[in-house]
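The values are calculated or read from the model by the stated rules, or taken from the named source; none is laboratory data. What you see is a predicted model, and the numbers here were worked out from it, not measured in a lab. Cβ placement follows ideal geometry from the backbone for every residue including glycine, while neighbour counts extend to all protein chains displayed.
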């Protein structure tokens, strides 16, 4: 009788072990290229791509076996060993423009591709710059953001709340175009402003969109070591810069999720160039 119970226990243990291994990734290091888009629009400039070319990019990603993943999936691989597809890629958008909803989102739905949009909190739902009344490229609002989030394909994350200011629209000399300190600012003042912005944006995303602030994209790719410390302190588990190259994220190495590289995409980037970047070692 004891032998039968022992045999049954070993069978159950083996079955459980098989289930566990099926849910964790045996790879310790995974290469993950990340793509940085801004606008999908027919009015071409240095930060836009036409809808037709964006479709070509999505076709290249699909035809060459790449699978777009969310930031949460990337984080789960590093922290928990959760399985990633064989050839993962992160599709990201900076700023939170309305054309992301109107022109990019329909194509992402068609291809069933995930993407992350890093939105400027103070610009959500705005077509003018703050309280100035000066026109800017329209940004999507809460309704559009919630529709995209509810699809399960789109995550809206942080591009700061108000540390990506436009010099042309700000008065005075204290313009915060990025996350670095401004001239004449003390370390104490800088850290206070930086952490305050992170906390405001975190609350903004959670309250208005039901999104946990898991990641930030650095405006203009500018940052320093203090930025990462403040992000970590406030539970932000990943960050993206604008340095060029692939990323190698490592299981159980949370630092590998910070200051991730991204390839800057615009209309002049051909499908061939995109594939070369995707395959770059």
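Brief remarks follow.
- For beta carbons closer than 8 Å, sequence separation of 6+ or different chains, a first residue in segment 208-226 that is without any contact (Cβ under 8 Å) to a residue 24 or more places away in the chain and on the phi < 0 side of the Ramachandran plot and a second that is part of a helix (DSSP H, G or I) and surrounded by fewer than 16 Cβ atoms within 10 Å (Cβ to Cβ), the qualifying pairs are 212/206.
- So residue 134, is it touching a strand residue (DSSP E or B) at 6+ places or on another chain (Cβ under 9 Å), modelled with pLDDT under 95 and either surrounded by fewer than 24 Cβ atoms within 10 Å (Cβ to Cβ) or under 20 Å from residue 202 (Cβ atoms) (or both): yes
- Residue count for segment 176-192, restricted to those that are surrounded by 14 or more Cβ atoms within 10 Å (Cβ to Cβ) and either over 23 Å from residue 132 (Cα atoms) or free of Cβ contacts under 8 Å to residues at least 24 places away in the same chain (or both): 7
- Test: residue in segment 163-171 that is at pLDDT 95 or above, in a loop (DSSP other than H, G, I, E, B) and either out of contact with any helix residue (DSSP H, G or I) (no Cβ under 8 Å at 6 or more places or on another chain) or crowded, with 16+ Cβ neighbours inside 10 Å (or both): yes
- Verdict on residue 69 being at pLDDT 95 or above, under 30 Å from residue 150 (Cα atoms) and touching a helix residue (DSSP H, G or I) at 6+ places or on another chain (Cβ under 8 Å): no
- Total residues in segment 20-63, condition in a loop (DSSP other than H, G, I, E, B), over 21 Å from residue 246 (Cα atoms) and out of contact with any strand residue (DSSP E or B) (no Cβ under 6 Å at 6 or more places or on another chain): 7
Rundown of residues vs (1) within 15 Å of residue 267 (Cβ to Cβ); (2) at pLDDT 95 or above, yes/no style:
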| site | (1), (2) |
| --- | --- |
| 16 | no, no |
| 21 | no, no |
| 42 | yes, no |
| 46 | yes, no |
| 49 | yes, yes |
| 90 | no, yes |
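- Segment 248-281: number of residues that are assigned to a strand (DSSP E or B) and farther than 21 Å from residue 198 by Cα: 5
- Residues satisfying the stated conditions in segment 98-129, i.e. under 17 Å from residue 212 (Cα atoms) and at pLDDT below 95: none
- Within segment 248-268, considering residues that are in contact (Cβ under 8 Å) with a residue 60 or more places away in the chain and surrounded by fewer than 18 Cβ atoms within 10 Å (Cβ to Cβ), the one nearest to residue 104 (Cα to Cα): 266
- Restricting 160, 132 to those that are farther than 18 Å from residue 208 by Cβ and assigned to a loop (DSSP other than H, G, I, E, B) reduces the list to 132.
- Of the residues making up segment 42-89, those that are buried (at least 19 other Cβ atoms within 10 Å of the Cβ), in contact (Cβ under 8 Å) with a residue 60 or more places away in the chain and under 18 Å from residue 280 (Cα atoms) are 57, 61, 66, 89.
- Residue 245 vs. criteria within 16 Å of residue 260 (Cα to Cα), assigned to a loop (DSSP other than H, G, I, E, B) and free of Cβ contacts under 8 Å to residues at least 40 places away in the same chain: yes
- Filtered residues of segment 175-212 (kept if in contact with a strand residue (DSSP E or B) (Cβ under 6 Å, 6 or more places away or on another chain) and either assigned to a loop (DSSP other than H, G, I, E, B) or modelled with pLDDT under 95 (or both)): 211
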